[in-house]
1. Taking the Cα centre of each part, how many Å lie between segment 64-110 and segment 1-50?
2. Calculate, for Leu43 and Ile14, the FRET efficiency according to 1/(1 + (r/R0)^6) with r their C-beta to C-beta distance and R0 25 Å; round to the nearest 0.05.
3. Counting other beta carbons within 10 Å of each Cβ, put Phe52, Phe95, Phe22 in order, fewest first.
4. What list of whole percents do you get for P(r) of segment 2-145, with Cα-Cα distances grouped in 5 Å bins up to the one holding the largest distance?
5. Which length gain, in nm to one decimal place, applies between Ala83 and Ala60 when the Cα-Cα distance is subtracted from 0.36 nm times their residue separation?
6. Which FRET efficiency value, to the nearest 0.05, do you get for Leu35 and Leu7 by plugging their Cβ-Cβ distance into 1/(1 + (r/R0)^6) with R0 = 41 Å?
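Please treat every number below as a calculation from the coordinates, not as lab data. All values derive from a computational prediction rather than experimental measurement. Here the Cβ is made from the backbone with ideal geometry for all residues, glycine too, and neighbour counts use every protein chain on show.
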Amino acid sequence: MTRLLVLLHLVAVIVWVGGMFFAHYCLRPVAASQLQPPQRLPLLAAVLGRFFVFVGMSLALLWGTGIARFAQVGAAIPGNWHAMAGIALVMTIIFLLIVFRFHRRVQDAVGIQDWPAAGKAMNTIRVLVHSNLALGFVTVAVAVLG
């Protein structure tokens with residue numbers, strides 16, 4: 001059972017952190033270089049909307065498997081697990097801020113073709129994703145290096 005929990009936990013991390021890496025360093029720069037805002041912003045808003053569904057599922061899996069592992073270990077929870085949970089909480093809050101504040105702003109602005117407003121909200125998402133990506137790498141380092 002422990003190995004299954006760890007496997008599911010890692011799959012969820014790969015989806016979330018790997019997806020952020022792909023979006024930030026591969027998709028966004030190419031879209032920015034090849035598409036004008038009226039094409040780029042609706043595309044990115046739609047891609048992020050789809051990605052956020054998978055991140056939401058990954059978050060449920062991450063928190064569920066993490067809590068299950070805490071319960072398995074009991075009082076002897078390693079310190080790095082507490083660090084990972086703390087960082088995960090910050091990352092989750094940032095994700096929720098992205099989804100419920102800034103992605104909604106992008107969608108609303110795209111809906112009325114207000115490209116400057118959509119671009120401004122998308123830039124905020126970019127900064128927040130970059131922060132979450134850095135925190136994700138720190139979390140992986142904490143997990144591996146203990």
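1. Taking the Cα centre of segment 1-50 as reference, the centre of segment 64-110 is 17 Å away.
2. 0.55
3. Ranking Phe52, Phe95, Phe22 by Cβ neighbours within 10 Å, fewest first, gives Phe22, Phe52, Phe95.
4. P(r) for segment 2-145, in whole percents per bin: 2, 9, 19, 21, 16, 12, 9, 6, 4, 2, 1.
5. Full-extension gain reported as 6.4 nm.
6. Calculated transfer efficiency: 0.60.
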